[in-house]
């Protein structure tokens, strides 16, 4: 009985916490890390100059998503010929004016493939502090006014933890712990960091193989757990201790991340696979697998009972979350590096690598592209949604789209 | 700066240019230098905020794995309210600090500047200029001072850029080289001779690879020769031995005979036959040494490359390696660093390893492992290694062969 009460309380608290966060965008792919945020029903469905609220120039490269807290918009960046000047930028949500910026000298390697960049991971926040990780393995916590709380140089601490192509995994917060995957061919690990001091709460070895996926939160027995994906599969862990709860050993993609809704985890694995944690531990319960459906670089989006993902040909597929059965598919203008996002307005938002924004109406029997807008710059980032506004960044510019206020 | 090289544990600090001081002796040294910085504050400046040396010392005590972060955050809060006159001591504190502490100091400087600017309080321009002109200070901090000066008096500050042509700060030097390159490009329209002279001036000063490559391209287009190997300080003449095995990537950890018993006249048991050392040189302008040339395009193999570098004196240098295969590097028999990553990319100066060369002959041994991958982008089995100082200026061996002898 006590267990039941504890579990129920945990679920209620979790729902409340996430409901509170739904008006803001706290991490890569939104409050639940699956691309969907409830509410925001007045978000514009037409992208264009009339709905461009503001643009802000960016002083360095980056493809990590914008993070929105209250009236502030945060992005990370890196500048200089070797991208070794790391930046955190804070903008006013009202007009896009820059409120402050902080700079750091990279302490780790900044080499990466020319397509990606050092500011590839999206920051995250607990609403009080912003936690920013760069591909150089520099990890910084600042308060919302830009005061440094702590800093780690993970390559100083673990000198072979790097990938010469660049790292991109975005850290997340779960159970008062900052969880980051620092996975590569050499000194590969995942760690949980104390939010207040940055010291390790735990650190575990991970498969020695390059991996660009991000940790995902999901439910298990009424508790929030974290799923760590790699080429070997997915491991469910306790975020506060790093202890293994279960292991999916059937392999998984190393670029698109999984997505969770409740206790269902959608994994880019042998096509696409849905699993549910086995309370007894070991391999999770397999719900379904669709071998012919294969997400490419962009991660899948879960919106209520439907999964949306794009393949390497730019085809958008909608599939039933409970069965994996394809509902419809349409050809989009790809390729996509950034992942799609959605809110409660019946539309999906995509930006392809050429900078073409595309809005898909999903209220009919089949998805329909209802708006296109060319930003004119390469877009590799995933957009963010908050307070009926959409945010997207390139290496040079941050855009905000919203309805014009009368 | 002291860079320990003796043990596997100390090896972990090797791939950064500033080690983290974790000993009491080093902390005391930081504190002493910080107090000296206060003593050197120019006359006429307002006194820095009280307690500043102690707060700086707390920040300088941050160490590995988050050690000291909590205390540093408290000190930072106090520092962030310091007077603008505190900027100079904070900038001076950068040089003796470790890489993490440097960033704490930088962040404190930015917050103080931001507050002063918001409140309309002047920044100490003269003190910043004096700091910028002191080439003994941290190159990164001097660059930061330069950037702060730009916000106060852009025209005058930009006028200083030509004087950075031989600056130990690569960032400052880069700006000076950029100006010369703009001039050279304009001269190309009128006179190749004048442009060549200007490009030559730029080459002498340039340390950043992209600028050097831009200059080399211009030289090529003008039909002029340029010795990039010498400019960078690439080691071009090696002795190599192999192949040994690297089945399932196990060769990286296995101690083959050349590691255990380095003898240039020895015969070893290789992967499939007896193997001996043989000379291998490169004419690649960027010093790439291709092991596929002597051995063929093999897979799951290991080879060693050896070079003797005659240093005219005991000196601190950097060994800078570019390699997309797994590798280990020894200097005078001691392991400097190793990395078991395959085919994730290669570039000049990919790994910067500060070491101390002894006067006379120094042995450099490099282990290079090729893995099992079959894709066309995994064929390369090569490296490029140069010796330079911390700014990237080539350090040439006294026994360096004449340019043509490597071709």
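Can you confirm whether region B:87-101 contains a residue that is at the interface with another protein chain (Cβ under 8 Å from one of its Cβ atoms) and either closer than 18 Å to residue A:102 by Cα or without any contact (Cβ under 8 Å) to a residue 60 or more places away in the chain (or both)?
Start the filter on region B:87-101 by keeping residues that are at the interface with another protein chain (Cβ under 8 Å from one of its Cβ atoms), which leaves B:99-100.
Filter once more, keeping what is either closer than 18 Å to residue A:102 by Cα or without any contact (Cβ under 8 Å) to a residue 60 or more places away in the chain (or both): B:99-100.
Taking every residue of region B:87-101 in turn, at least one turns out to be at the interface with another protein chain (Cβ under 8 Å from one of its Cβ atoms) and either closer than 18 Å to residue A:102 by Cα or without any contact (Cβ under 8 Å) to a residue 60 or more places away in the chain (or both).
Against the list (1) within 15 Å of residue A:175 (Cα to Cα); (2) free of Cβ contacts under 8 Å to residues at least 60 places away in the same chain; (3) away from every other protein chain (no Cβ under 14 Å); (4) buried (at least 18 other Cβ atoms within 10 Å of the Cβ), the condition residue A:243 fails is (4). Taken together, the residues in region A:130-147 that are in a strand (DSSP E or B) and surrounded by fewer than 20 Cβ atoms within 10 Å (Cβ to Cβ) amount to 1.
For residue B:167, the test of being within 20 Å of residue B:394 (Cα to Cα) and modelled with pLDDT under 95 is failed.
Is it the case, given these coordinates, that residue A:104 is crowded, with 24+ Cβ neighbours inside 10 Å, in contact (Cβ under 8 Å) with a residue 12 or more places away in the chain and within 14 Å of chain B (Cβ to nearest Cβ)? Working first, answer last.
Details: crowded, with 24+ Cβ neighbours inside 10 Å: yes; in contact (Cβ under 8 Å) with a residue 12 or more places away in the chain: yes; within 14 Å of chain B (Cβ to nearest Cβ): yes.
Yes, satisfied.
Within region B:57-70, track down each residue that is within 14 Å of chain A (Cβ to nearest Cβ) and in a helix (DSSP H, G or I). Residues satisfying the conditions are B:58, B:59, B:60, B:64, B:65, B:66, B:69, B:70.
Restricting attention to region A:178-197, the residues that are assigned to a loop (DSSP other than H, G, I, E, B) and buried (at least 24 other Cβ atoms within 10 Å of the Cβ) total 3.
Within region B:50-61, not a single residue is at pLDDT 95 or above, closer than 24 Å to residue A:200 by Cα and touching a strand residue (DSSP E or B) at 6+ places or on another chain (Cβ under 7 Å). Taking region B:175-214 as the range and being in contact with a helix residue (DSSP H, G or I) (Cβ under 8 Å, 6 or more places away or on another chain) and within 14 Å of chain A (Cβ to nearest Cβ) as the test, the residues that pass are B:175, B:177, B:178, B:181, B:206, B:207, B:208, B:211, B:212, B:214.
Annotation: of all residues in region A:156-168 being more than 7 Å from every other protein chain (Cβ to nearest Cβ) and in contact with a strand residue (DSSP E or B) (Cβ under 8 Å, 6 or more places away or on another chain), the one that is farthest from residue A:120 (Cα to Cα) is A:158. In this structure, residue A:139 does satisfy being under 17 Å from the mean Cα position of the chain (by Cα), closer than 25 Å to residue A:26 by Cβ, within 11 Å of chain B (Cβ to nearest Cβ) and modelled with pLDDT of 95 or more.
Here is a yes/no grid of residues against (1) more than 25 Å from residue B:78 (Cα to Cα); (2) in contact with a strand residue (DSSP E or B) (Cβ under 8 Å, 6 or more places away or on another chain); (3) at pLDDT 95 or above; (4) within 13 Å of chain B (Cβ to nearest Cβ):
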residue: A:83; (1), (2), (3), (4): yes, yes, yes, yes
residue: A:92; (1), (2), (3), (4): yes, yes, yes, no
residue: A:96; (1), (2), (3), (4): yes, yes, yes, no
residue: A:124; (1), (2), (3), (4): yes, yes, yes, no
residue: A:144; (1), (2), (3), (4): no, yes, yes, no
residue: A:151; (1), (2), (3), (4): no, yes, yes, yes
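For region B:118-150, which positions are under 23 Å from residue B:55 (Cα atoms), more than 10 Å from chain A (Cβ to nearest Cβ) and not in a loop (DSSP other than H, G, I, E, B)? Selection gives B:127, B:128, B:131, B:139, B:142, B:145, B:148.
Look at residue A:209 and say whether it is within 19 Å of the chain's Cα centre (by Cα), closer than 30 Å to residue B:324 by Cβ and within 12 Å of another protein chain (Cβ to nearest Cβ).
Details: within 19 Å of the chain's Cα centre (by Cα): no; closer than 30 Å to residue B:324 by Cβ: yes; within 12 Å of another protein chain (Cβ to nearest Cβ): yes.
Considered against the rule, which asks whether it is within 19 Å of the chain's Cα centre (by Cα), closer than 30 Å to residue B:324 by Cβ and within 12 Å of another protein chain (Cβ to nearest Cβ), residue A:209 comes out as no.
State all residues of region A:288-340 that are assigned to a loop (DSSP other than H, G, I, E, B), more than 18 Å from residue A:350 (Cβ to Cβ) and touching a strand residue (DSSP E or B) at 6+ places or on another chain (Cβ under 7 Å); if no residue qualifies, say none. Give the steps one after another, and end with the answer.
Just the residues of region A:288-340 that are assigned to a loop (DSSP other than H, G, I, E, B), to begin with: A:291-300, A:304-305, A:311-314, A:321-325, A:332-340.
Applying the additional criterion that residues be more than 18 Å from residue A:350 (Cβ to Cβ) yields A:291-292, A:304-305, A:321-325.
Correct list: A:305, A:321, A:323, A:324, A:325.
Looking across A:215, A:295, A:300, one residue alone is closer than 23 Å to residue A:189 by Cα and either crowded, with 22+ Cβ neighbours inside 10 Å or in contact with a helix residue (DSSP H, G or I) (Cβ under 9 Å, 6 or more places away or on another chain) (or both). It is A:215.
The test for being more than 8 Å from chain B (Cβ to nearest Cβ), in contact with a strand residue (DSSP E or B) (Cβ under 6 Å, 6 or more places away or on another chain) and farther than 18 Å from residue A:65 by Cβ does not hold for residue A:87. A residue that is assigned to a strand (DSSP E or B) and either over 28 Å from residue A:68 (Cβ atoms) or touching a helix residue (DSSP H, G or I) at 6+ places or on another chain (Cβ under 6 Å) (or both) occurs nowhere in region A:114-129. Number of residues in region B:232-266 that are over 23 Å from residue B:300 (Cβ atoms), crowded, with 19+ Cβ neighbours inside 10 Å and touching a helix residue (DSSP H, G or I) at 6+ places or on another chain (Cβ under 7 Å): the value is 1. Could you please give the count of residues in region A:188-206 that are more than 10 Å from every other protein chain (Cβ to nearest Cβ) and without any contact (Cβ under 8 Å) to a residue 24 or more places away in the chain? Within region A:188-206, residues that are more than 10 Å from every other protein chain (Cβ to nearest Cβ) and without any contact (Cβ under 8 Å) to a residue 24 or more places away in the chain number 1.
The values are calculated or read from the model by the stated rules, or taken from the named source; none is laboratory data. Predicted model only: the values in this text are computed from it and were never measured. Here the Cβ is made from the backbone with ideal geometry for all residues, glycine too, and neighbour counts use every protein chain on show.
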